[in-house]
Amino acid sequence: MPKNSPTSPDPRSPLVLDTRELPRRPGALRTVERVVPAPSDLGLELIGVPEGADLDLDLRMESVSEGVLVSGTVSGPIRGECGRCLREINDSVTVTIQELYAYENSTTDATTEEDEVGRMQGDLIDLEPALRDAVVLALPNNPLCRQDCPGLCPECGVHRDDLPADHSHQQIDPRWAGLSQLTRTEE
Ligand SMILES: [Zn+2]
Ligand SMILES: [Zn+2]
């Protein structure tokens with residue numbers, strides 16, 4: 001069974017938590033409140049947290065018998081493009097994190113699959129994978145500037161907000177023109 005990922009986390013990375021200050025006694029608690037720059041590619045193709053933007057970490061680390069439980073929230077700005085009209089979206093996202101990181105060589109470490117629980121590497125916890133998962137889950141696959149965004153006219157590309165309700169490019173086929181005339185008379 002694989003124990004550790006091949007690369008150990010960089011303790012200077014803003015998303016790596018150092019647990020040396022946290023006693024390895026079940027129930028011991030430490031809070032982590034800090035603002036860190038967002039890593040690159042945090043999000044989806046159309047929407048995500050801009051690289052370097054402020055991520056607000058509001059977490060607590062709790063010693064449990066087999067490792068450290070990290071829980072709390074991370075929030076930050078998101079920027080993207082409306083899937084219908086391509087207008088810029090500026091919003092924010094808050095995700096909940098709750099992840100157990102097993103001590104190296106603990107029973108949990110030995111008896112669980114790699115993706116079941118997190119793993120500590122020495123005294124370090126790399127929060128980035130859990131944060132990425134949480135952010136991706138929280139973001140819409142089809143981001144919209146607003147829920148009822150009417151999108152663009154497929155013919156002229158003008159936002160439907162800026163067009164009259166009866167805007168149309170319909171060219172009446174001359175063969176049907178007579179019929180249309182008929183319909184109009186009936187109205
Ligand atoms: Zn839109
Ligand atoms: Zn049009």
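Here are a few things to note about the model shown:
- Sub-7 Å Cβ pairs linking a first residue in the range 23-41 that is closer than 11 Å to Glu62 by Cβ to a second residue that is part of a loop (DSSP other than H, G, I, E, B), at least 6 apart or interchain, are Pro26/Ser65; Ala28/Leu22; Arg30/Glu21; Arg30/Leu22, ordered by first then second residue.
- Test: residue in the range 90-101 that is of a type outside the set (Lys, Arg) and outside any strand (DSSP E or B): no
- Total residues in the range 124-160 satisfying the condition of being outside any loop (DSSP other than H, G, I, E, B), surrounded by 12 or more Cβ atoms within 10 Å (Cβ to Cβ), more than 12 Å from ligand 2 (Cβ to nearest atom) and touching a residue at least 40 places away in the same chain (Cβ under 8 Å): the figure is 11.
- Residue satisfying all of: in the range 80-118; within 16 Å of ligand 1 (Cβ to nearest atom) and of a type in the set (A, V, I, L, M, F, W, C); surrounded by the most Cβ atoms within 10 Å (Cβ to Cβ) among these: Cys82
- Looking only at the range 28-63, and only at residues there that are open to solvent by 70 Å² or more (accessible area, probe 1.4 Å) and aliphatic (A, V, I, L, M), the one that is nearest to Leu139 (Cα to Cα): Leu46
- Filtered by the rule that a residue be within 24 Å of the chain's Cα centre (by Cα) and without any contact (Cβ under 8 Å) to a residue 60 or more places away in the chain, the range 8-22 gives Asp10, Arg12, Pro14.
The values are calculated or read from the model by the stated rules, or taken from the named source; none is laboratory data. Note that the structure is predicted; figures quoted are calculated from it, not measured. Virtual Cβ from ideal backbone geometry, glycine too; neighbours counted across all protein chains shown. Ligands, DNA and RNA are stripped out before the accessible areas are found, and what is left, the full protein with its side chains, is counted by its heavy atoms. Shrake-Rupley method; radii C 1.70, N 1.55, O 1.52, S 1.80 Å.
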